[in-house]
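Asker: Below you will find the structure I want to go over with you.
Read-outs throughout are calculated quantities, based only on the coordinates presented, and are distinct from any laboratory measurement. All of these numbers come straight from a predicted model, not from anything done at the bench. With ideal geometry, Cβ positions are generated from the backbone for all residues, glycine too; neighbour counts draw on all protein chains shown.
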Amino acid sequence: MREIAIVAFAQTGHRRRTDELSEVEMLMPVLHDVLGQTGLKTSDIGFTCSGSSDYLAGRAFSFTMALDGVGAWPPISESHVEMDGAWALYEAWVKLLTGEADTALVYAYGKTSPGEIRDVLTRQLDPYYVAPLWPDSVSLAALQAQALIDAGDTDEPALAAVAARSRTAAAANPHAQLSGPVPAGDYLVQPLRTGDCPPVTDGAAAVILAAGDTARGLCARPAWIRGMDHRIEAHSLGVRDLTDSPSARQAAERAGAFEIPHGLKGMGGAPFVDTAELHAPFTSQEVVLRKALRLGDDVNVNPSGGALAANPVMAAGLIRIGEAAARIHRGASDRALAHATSGPCLQQNLVAVLEGES
Amino acid sequence: MTAAPSPDVLRAPLVVEFPFTRSLGPVQSAFLTGLRERTVLGVKTAGGGVLVPPVEYDPVTAEEIRDLVEVAPTGTVTTWAWNPAPRRDQPLRTPFAWVLVKLDGAATALLHVLDAPGPDAVRTGMRVRIRWAAEPTGAITDIACFEPCEREDSGAAAPHDGRFADPVTGITTPARLDYTYSPGRAPTDYINALAERRTVGERCPSCRKVYVPPRGACPTCGIATAERVEVGPRGTVTTFCIVNLKARNLDIEVPYVYAHIALDGADLALHGRIGGIPYDQVRMGLRVEPVWTEGGRYPDHYRPTGEPDADYDAYKELI
Ligand SMILES: [Zn+2]
C-alpha cells in the first residue's frame, strides 16, 4: 500500500461568532497557512477535497464560494462532501492511494452562529418517523447519556470530570474557544448540563496530505496514515445499543488500531497508541468511545481539549485528525488514534491511525 | 466568549422554509395509516424480532421485510431525557421528557415524547401509553405524546394484514429554519456603498482584476482582495437574454431583457434588468446606466445612456 502522510495542519482561532467574515474570508487564512507550511502553491496540489454543510449558515452552495479561497483557476481536480471534513480527508487519502495524485489539500469549515444548530441538525434525521418531532442534538445526546447512567457506565460527576479535564487541557491550545474552569451549569436537557455540551462555534481547518518521498520532502516528521476506516450504524435510534459504539470499534479494528506496530512487542486487546483525539461533542460520548475503543488510562485522550473546547460543526472531526498529526509532527506523539463522528449519538464513526518515524 | 454581535456588520433575518413531500413504501404506508386508525403496526424480521417503528428493509440483513404485526399502545421507557425548554416545533408546549419506548410486543424502541409533571416523575422502566392526537392525519405526530400508565405488559404481537381503507401514501412535512444572516466584510462594504448609489468593487493585489460585487477573495488567485475601487456608474451590456416567463411576486411585464453588464472599471460583469428601451432593440455593446428608485438599496434596472455602442474588442474578455 502506498505510504500517505499528513504533512501540514492549520485551524482558525475558534469563536462564538464571526459576523464580520464570510465563509471564504474565515477559511482563507488556514488555506494559506498549510500552503505556507509546505511551500506548495495551489497549482502544485494534485487533489482538493472539502467538507461543509449549507444548512449551518443557510447559504446555498456555500462550498462553491468557499472555493474562491483556493484559487481554483486554471480548473483544479476537486471534490466536496456534505459531511465533516474527516470524510473529505478519507476521500483524498483514497485518491492518493490510487496513485492519481501525490498531494492533496483537505479543508472544512462550519459557520454555526447564523442558525440554531440544535434545530438545524434535526434535518439530518429520518424524515418519516423522527424529523417531524424535531428532536434536537442535545436531547438525543441526553437520551444516550441517560442510557449510560442506567447501565452504570458513568454518572454525572464522571461526566463533569470529562468536561473539566478537556477544558483544562484546552488552556494549552491557543485555538480553543472554551478553556480553563467552566461551570457545570444548569441542565440543558437532563442529564446533560451546559458544561457537558460543546460551545457553538465558527471555525475552519485545513490539512495537506502527501505520498512517500514527497511527504518526507515537505515535512520533517510526517504523520503517516497507517490505516483509516469508517463505519455506520442503523439510523433508527431505537434499534441501537446507545451505550456502545460497534461502528467505532470496527472502524478502529479495520484501521489497524489494535495491531501491534512493527518492532514492538506486546499484548493484543488495547490499541497501541499514546494519544487519542476523539470527536466527542458531548461528555457522555467520550465515555462510549473509551469503552468501544478499549482505551486504557495510559492513553492521552484529547490533549487539544476536543470538541468540548471548540466545535466548528463539519470541521471538528477533521481537527481531531489534524491535532493528532500535529502532535506527531512536533514529536509529542509517536502513534495516535484520531476519530471523527457524524449523525446523532455517534451513528457514524471514522478512525485513523497515525504514526511518526523515529 | 464573545457572544455579542459586532455592531458594524450588516445582518438580516433569513428564513429557509420548504415543505418536503415524500412518498411512502408499503410498510411505512401501513404504519402511518395505522396510526391514523389508532393502531400501531410493527414488522417482523427473519430472526423473529418485531421492529417498531417498522422499516422496509431489515437493518441487519438488508432483506426486504413485509410481515406486519399489531403491537400494543402501551410500553416501557428504555431511556429518557428531560427537556425543560421545548423548542418551537417540538410536540409539546410544556416541559416534557424525550423517551425511547419499547411498545409491548416490540423488540425495538420508538422515539417520542412523554407528558409528565417533571423529571422526578420519569424513570427508565416506567410504563407508558400512547395519547392519540385529536385529529390524526397519518403521521408520526398522530401519537400526540406518551403518558404514564399502570397497565402491565399486555404481551405478544398479533398478525395484521396492514390493510386499511384509504391508505396514506405520502407525507408532507414542513421544515422551517431561522437564521440571522451576515454577508461578511466585503459584501457589507458593497451593500453599504450601494445605499449611497455608488458601486464599489475590490481589486486583487496579484492579478489586478476588479471584482464587482466583491466577495473578499480573488477566485483565480485564492487571496484576499482589499483595495476598494469605485466603478461605473455606466457600463456595457456584454450579453443578454429575453425573459418570457412571469416570475411570481415580481411586478414586471414580460417580455423583458435580463443582461450581463460590465460596469466601467470592473473586470467581472454583474447582472441586471434593462429598461427604457423595447426589448427587441437591446444588443451586445449597448451602453447603459443604473436607474435608482426612491429609497432603493440597489439599482431598479439599467437604461440606455444614448452613447454609441461599445466596440466588441472593448468587452469581449468580460463576456
Ligand atoms: Zn487575482
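Asker: Using packing as a proxy for protection, rank B:272-280, A:239-247 so that the peptide with the highest average count of other Cβ atoms within 10 Å comes first.
Answerer: The packing order, highest mean first, is A:239-247, B:272-280.
Asker: When only C-alpha pairs under 8 Å and at least 6 residues apart count, what is the relative contact order of the range A:101-222, in percent?
Answerer: 39
Asker: Something else: Calculate, axis by axis, the spread of Cα positions in the range A:37-179 along the three principal axes, and write the results as whole Å, longest axis first.
Answerer: If we take the Cα atoms of the range A:37-179, the spans are 56, 42, 32 Å.
Asker: Please average, across the residues of B:53-64, the number of beta carbons from any other chain that are within 10 Å of each residue's own beta carbon, and give a whole number. Kindly include the intermediate steps, with their values, before the conclusion.
Answerer: Numbers: counts 7, 2, 7, 0, 0, 1, 6, 2, 0, 0, 0, 0.
Counting Cβ atoms of other protein chains within 10 Å of each residue's Cβ and averaging gives 2.
Asker: Could you tell me the convex hull volume per residue, in Å³, taken over the Cα atoms of the protein assembly as shown?
Answerer: Roughly 187 Å³ of hull volume per residue.
Asker: Give me the percent relative contact order of chain A, please, defined on Cα pairs under 8 angstrom at least 6 residues apart.
Answerer: On the way: 855 pairs, mean separation 89.4, N = 358.
Across chain A, relative contact order equals 25 percent.
Asker: Oh, and also: Of the options B:Tyr256, B:Pro278, B:Gly306, report the single residue whose Cα projects farthest towards the positive end of the charge dipole of the range B:234-319 (beta-carbon charges: Lys, Arg +1; Asp, Glu -1).
Answerer: Value: B:Tyr256.
Asker: OK, next. Only Lys, Arg, Asp and Glu count, each charged at its Cβ (+1, +1, -1, -1), so figure out the dipole size of chain B about its Cα centre, rounded to 20 debye.
Answerer: On the way: 34 positive and 40 negative charges, 98 e Å.
With only Lys, Arg, Asp and Glu charged at Cβ, the dipole is about 460 debye.
Asker: Starting from the range B:212-319, pick out the GluC sites (Glu not before Pro) whose DSSP state is loop and whose Cβ has at most 11 other Cβ atoms within 10 Å.
Answerer: Working: sites: B:Glu227, B:Glu230, B:Glu253, B:Glu294, B:Glu317; in loops: B:Glu253, B:Glu294.
Those that pass, being in a loop and sparsely packed, are B:Glu253, B:Glu294.
Asker: Sequence-distant or interchain residues sharing an amide H contact under 5 Å with B:Ala97, placed H: which?
Answerer: For B:Ala97, whose amide H was placed from the backbone, the distant partners under 5 Å are B:Asn83, B:Leu114, B:Ala116.
Asker: Additional query: Report ³J(HN,Hα) in whole Hz for each residue of the range B:80-93, in order, from the Karplus equation J = 6.51 cos²θ - 1.76 cosθ + 1.60 where θ = phi - 60°; Gly and Pro get x.
Answerer: 8, 8, 8, 9, x, 9, x, 8, 3, 9, 6, x, 10, 8
Asker: Do the sum for chain B: with -39,500 (n - 2.57) for every DSSP H run of n ≥ 4, divided by all residues, what is the mean residue ellipticity at 222 nm, to the nearest 500 deg cm²/dmol?
Answerer: Per the formula, -2500 deg cm²/dmol.
Asker: Do the sum for chain A: with -39,500 (n - 2.57) for every DSSP H run of n ≥ 4, divided by all residues, what is the mean residue ellipticity at 222 nm, to the nearest 500 deg cm²/dmol? The partial results should precede the final answer.
Answerer: Values: 11 runs with 110 residues, N = 358.
Helix contribution divided over all residues of chain A: -9000 deg cm²/dmol.
Asker: Now for a separate question. Given a 10 angstrom Cα cut-off, can you work out which residue in A:Glu156, A:Glu100, A:Glu286 is the most mobile in a GNM of chain A?
Answerer: Highest fluctuation of the listed residues: A:Glu100.
Asker: Moving on to the next point. What's the magnitude of the charge dipole for the range B:25-168 around its Cα centre, counting Lys and Arg as +1 and Asp and Glu as -1 at the beta-carbon? Answer in Debye, nearest 20.
Answerer: Rounded to the nearest 20 debye, it is 420 debye.
Asker: Sticking with this one: Report, as an integer, the average count of C-beta atoms from other chains found within 10 Å of each Cβ along A:25-35.
Answerer: 2
Asker: Also, quick follow-up: Considering amide H positions built from the backbone, and no H for Pro or chain starts, which residues 5 or more places from B:Ala269, or on another chain, come under 5 Å of its amide H?
Answerer: So B:Ala269 has HN proximity to no qualifying residue.
Asker: Then there is this: Hey, got the average number of other protein chain Cβ atoms within 10 angstrom for residues in A:66-74?
Answerer: The per-residue average across the peptide is 5.
Asker: Return the single residue from B:Leu245, B:Leu41, B:Leu24 with maximal mean-square fluctuation; model: Gaussian network over chain B, springs between Cα atoms under 10 Å.
Answerer: B:Leu245
Asker: Take each of the peptides B:281-287, A:133-139, average the number of other beta-carbon atoms within 10 Å over its residues, and list them starting from the highest. Don't skip to the end; give the middle numbers.
Answerer: Working: B:281-287: 16.6, A:133-139: 23.3.
Final packing ranking: A:133-139, B:281-287.
Asker: Something else: Rounded if a/c is under 1.5, else prolate if a/b is larger than b/c, else oblate: which is the range A:264-342, with a ≥ b ≥ c the root eigenvalues of its Cα gyration tensor?
Answerer: Judged from the Cα gyration tensor, the range A:264-342 comes out oblate (a/c at least 1.5, b/c at or above a/b).
Asker: Going highest first, how would you order A:72-81, A:181-190 by mean Cβ packing within 10 Å?
Answerer: Those peptides, ordered most packed to least, come out A:181-190, A:72-81.
Asker: Report the one residue of B:Thr238, B:Gly296, B:Tyr315 whose Cα lies farthest in the direction of the positive end of the charge dipole of the range B:234-319 (charges on C-beta: Lys and Arg +1, Asp and Glu -1; origin at the Cα centre).
Answerer: Farthest along the dipole direction, towards plus: B:Gly296.
Asker: Over the range B:8-90, calculate the relative contact order: mean separation of alpha carbon pairs under 8 Å at least 6 apart, over the residue count, as a percent.
Answerer: Relative contact order here is 23 percent.
Asker: Ok, one more. Please report, in debye to the nearest 20, how large the charge dipole of the protein assembly as shown is about its Cα centre when each Lys and Arg carries +1 at its beta carbon and each Asp and Glu carries -1 there. Intermediate results must be reported in sequence, preceding the final value.
Answerer: Working: 62 positive and 82 negative charges, 122 e Å.
With Lys and Arg at +1 and Asp and Glu at -1, about 580 debye.
Asker: Does chain A come out rounded, prolate or oblate, given a ≥ b ≥ c as the square roots of the eigenvalues of its C-alpha gyration tensor, rounded meaning a/c under 1.5 and, failing that, prolate meaning a/b above b/c?
Answerer: It is oblate, given that a/c is not under 1.5 and a/b is not larger than b/c.
Asker: Continuing with this model, one more query. Once Lys and Arg get +1 and Asp and Glu get -1 on their Cβ, which of A:Ala292, A:Thr38, A:Ala307 lies farthest toward the positive end of the dipole of the protein assembly as shown?
Answerer: A:Thr38
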